[in-house]
Structures are given as structure tokens and as C-alpha cells.
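Chemist: Mind having a look at this structure? Questions to follow.
The values are calculated or read from the model by the stated rules, or taken from the named source; none is laboratory data. Computed from a predicted model, the values in this text were never measured in an experiment. All Cβ positions, even for glycine, are placed from backbone atoms using ideal geometry, and neighbour counts span all protein chains on display.
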Amino acid sequence: MTAAAVRPPRIPVEVVAACGYFLPRLMFLNSRIAPQIHWGDVTSALDGFPLDDLDLASAGFWREWARRWESVAQTYVGAAAASTTTAGRTAALRSAAACYHWAEFMYFDDAERKHALRQSVRSCFRRSLAGSPTPLTEQVARLADGTAVPVWIALPPNASAPVPCVLVCNGLDSITEVEPLALAETYLERGLAVILFEGPGQGLALGRTPLRVDMEEIVGAVADLARAHPAVDADRLGFAGISFGGYFALRVAQHLPGTFACVLNFSGGPRVAPFPGLPRRLKDDFRFAFLRPPGADLTGLLADSALDITWIPDTRVLSVHGALDDIFPVADIRRLDEQWAGRHQSLVYESEAHVCLNRLAQAAHRAADWVHSCLTTDRGLA
């Protein structure tokens, strides 16, 4: 029997057809600090992917997906152990962290396995910081009931005076070290401080404590911590949230008057589309975040969370959105333009869906320019 010829890994065209829509998310921005994968990781993970279950609504697809990405992560853990330099260990551990995240981000079959994968993201990232120059420091904000809220503060290099600061919020299935930190880097590059935080149901608490709709209480405590920081200009705070974090951004704009000079809603909206029509895995995503059992109908919960857009905030708000978004309808963003006229601006990509994945880098930097302008020159989007 002739041995099979060795060839480079490649992604089957059938797999590209099935999941090509969200592949750009895996390459989330061009980060310097946040964990990030490379295209070769994608080909390694998806090479030889079974073609008999390419239904993204099925649990089987995501079990296989998680197994393969965890395997790639483990090769990086091995590379980190074998490295003889800090730079080599740092790079390998951050790649491992990213791969662990993409293993678990849509995996809901086994809660303990998902938690373990998310813990691996944090463990690898923290280990990557050893001996490597990074601007991150950890603190804790306290709610009125004593609940601890983990907080990470990053200051721009060579800041000689208090600087404006942006609070960056997680979405439904993101993890602080990856998507929020990558977004935060766009602000650091513009000379702004950033604060990342994990409220109930976010970060390592995802699936352990229910996500709170009233995230403004948590944000208020984090904003208090920001204002007390000697390197932060207390009068120039901004807030940014992506996906469901964008929904939180709109809530924050309404519920915390006088707190933020500007608020960025990146692909959130004042209401989620009706629950019965959401994709199956997204339904599972919501159930996991809100600690609801498999099959639970969250129609009432999501309907009750819809914002009253007649309540006009006192701050400037920018919504970045895809016109084809099937989670947060773009029609609601158009209504915000009308209802919040003079306070709300929108940047809509007509050929993009949720989170504008194919234009993500361009949109993120344009939004960061807007935030920087609001916090430093009092001008909005040109």
C-alpha cells in the first residue's frame, strides 16, 4: 500500500461554504497585545474537517470545531514550553489563548469544558505577560452589595498628564483578553487610557452567574474607579461596547447621565430581534449567558429588555452597524437617528451583517477616531 502523499493543510471548500461568514471574526483586528490567531491556524484546525456534519446549528459541528481548535492551542502550549526566549514564550502563549477562545466561543454542550477552555485563555494570557512589557494592571471595583468586579487598566505609553479614558465592554460570547482588548488597543494607539471589566455573566463568569441586563450599575462602579485613578482625566470618559455590549452601551447612555462624554455602540441596538427567529446557536448563546436551560424560550426576557428610545441621553452616541444585521435590526438604528437627533450618529455598512465582520478593522478604527475626537477636541464624526 502506498502511503498518502504529504501535503500542506488546507480548508475543504465545503467547510468554507458552511462557515465562511464568520471566519473573519477569527482574525479579530491586528492586535499587538491581545491574543490573535494566524491564517495557518485556521487551515490547521479545519484541514480534514468531517463533511458529514456541516450544519452550524448542530451540536456535532461545534464539538468537532472545539476539539480541533483545542488541539491547535495545545501545539502552541508545547511551543511555549520549548521556547528559550521571553519573546518566543509570549507569542506562543498568546496564540494558544486565542485558539482556546475560538474552541469555546460557540460551544455549549458541556458547561464545565467550556469553563475550562475559557480558564485556559486567561491562564495562557497571564503567563504571556511574565517578563513581557505590557501596560495592563489589575484592580477590583466594588458594587454596593460588595460584589467584586474584575477590572484591567491600560495606560498609553509616555502619558505625562491625566488622559481621557474609554471603558470597553464585552459582548455576549467574547472574552476580555481577545475581542475587548483588541478593540481597546485602538484607543491606546490614540493616546487614550482604557479600562476593561467583567460584570456578572461576562469573562470567566459567563455561564456561572447570569448576565445582568442592568449593566449600568456595574458600569457606574467601574466609572467611579476610573475617575479616582490619578492618570485618568475624570471629566473625559468614554464607553464602548460591541454586539450585546453595544446594547449595554445604549443603556449606559440613558441610565448614567453626566458620566460619559461619548458612547460607542458597535453593532448593538435598543432591542434584540424576536427570539423565535434567531439562529439556533445564538439562542443557545443567550440561554448559556442568562443561565437558562436548553430549549428555554427567552422571548419575554429579551422583549422586556428593549429600551424606550423616547428617553434621550445627554451624551453623544455613535452606532456602527451592518444593514444586514439579523440580531439587532438596522431599522432601530435609523429610528435612533431620528429620535435622538443631535445626539446620535450612525455609520452603516450596507453590505455587512452583525459586527460588520468584513469591514471590522476599518470600522473599528473609524469609530476609534470618533471617540478620540469626542474626548480630545469635542468634535464628532466628520
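Chemist: Give the residue, chosen from VAL194, VAL166, that is in contact with a helix residue (DSSP H, G or I) (Cβ under 7 Å, 6 or more places away or on another chain) and free of Cβ contacts under 8 Å to residues at least 60 places away in the same chain.
Modeler: Being in contact with a helix residue (DSSP H, G or I) (Cβ under 7 Å, 6 or more places away or on another chain) and free of Cβ contacts under 8 Å to residues at least 60 places away in the same chain holds for just one of VAL194, VAL166, which is VAL194.
Chemist: Is at least one residue of the stretch 162-175 surrounded by fewer than 20 Cβ atoms within 10 Å (Cβ to Cβ) and out of contact with any strand residue (DSSP E or B) (no Cβ under 8 Å at 6 or more places or on another chain)?
Modeler: No; the residues of the stretch 162-175 include none that is surrounded by fewer than 20 Cβ atoms within 10 Å (Cβ to Cβ) and out of contact with any strand residue (DSSP E or B) (no Cβ under 8 Å at 6 or more places or on another chain).
Chemist: Now, a different point. Picking from ALA45, ALA66, ALA73, which residue would you name as being aliphatic (A, V, I, L, M), touching a residue at least 12 places away in the same chain (Cβ under 8 Å) and under 21 Å from ARG126 (Cα atoms)?
Modeler: Residue meeting the stated conditions: ALA73.
Chemist: Would it be correct to say that PRO8 is in contact with a helix residue (DSSP H, G or I) (Cβ under 8 Å, 6 or more places away or on another chain) and surrounded by fewer than 12 Cβ atoms within 10 Å (Cβ to Cβ)?
Modeler: Yes.
Chemist: Here is a follow-up. Here is a check on your reading of the model: is ALA368 surrounded by fewer than 19 Cβ atoms within 10 Å (Cβ to Cβ), assigned by the TED database to the domain that holds LEU307 and part of a helix (DSSP H, G or I)?
Modeler: Taking the combined requirement at face value, the residue does not satisfy it.
Chemist: Here are VAL213, VAL222: which of them is under 30 Å from ARG292 (Cβ atoms), in a helix (DSSP H, G or I) and touching a residue at least 12 places away in the same chain (Cβ under 8 Å)?
Modeler: None of the others qualify; the one that does is VAL222.
Chemist: Output the qualifying pairs, or none if there are none: Cβ atoms under 6 angstrom, residues six or more apart or on different chains, first residue in the stretch 330-349 and assigned by the TED database to the domain that holds THR315 and closer than 16 Å to VAL263 by Cα, second residue surrounded by fewer than 17 Cβ atoms within 10 Å (Cβ to Cβ) and acidic (Asp, Glu).
Modeler: Filtered contacts from the stretch 330-349: HIS344/ASP337; SER346/ASP337.
Chemist: Separate question: Can ARG251 be described as touching a residue at least 24 places away in the same chain (Cβ under 8 Å), loosely packed, with under 15 Cβ neighbours inside 10 Å and not aliphatic (A, V, I, L, M)?
Modeler: No: the conditions fail for ARG251.
Chemist: Hey, could you check the stretch 315-365 for residues that are in a helix (DSSP H, G or I) and acidic (Asp, Glu) and say which is farthest from LEU167 (Cα to Cα)?
Modeler: Among those residues, the one meeting the criterion is GLU338.
Chemist: Kindly provide the set of residues from the stretch 230-248 that are under 17 Å from LEU155 (Cα atoms), touching a Leu at 6+ places or on another chain (Cβ under 9 Å) and not charged (D, E, K, R), ordered by number.
Modeler: Scanning the stretch 230-248 gives ALA231, VAL232, LEU237, GLY238, PHE239, ALA240.
Chemist: Continuing with the same structure: Quick check on my filter: what residues within the stretch 180-202 are surrounded by fewer than 24 Cβ atoms within 10 Å (Cβ to Cβ), in contact with a Pro (Cβ under 6 Å, 6 or more places away or on another chain) and not charged (D, E, K, R)?
Modeler: Of everything in the stretch 180-202, those that are surrounded by fewer than 24 Cβ atoms within 10 Å (Cβ to Cβ), in contact with a Pro (Cβ under 6 Å, 6 or more places away or on another chain) and not charged (D, E, K, R) turn out to be LEU188, GLY191, GLY201.
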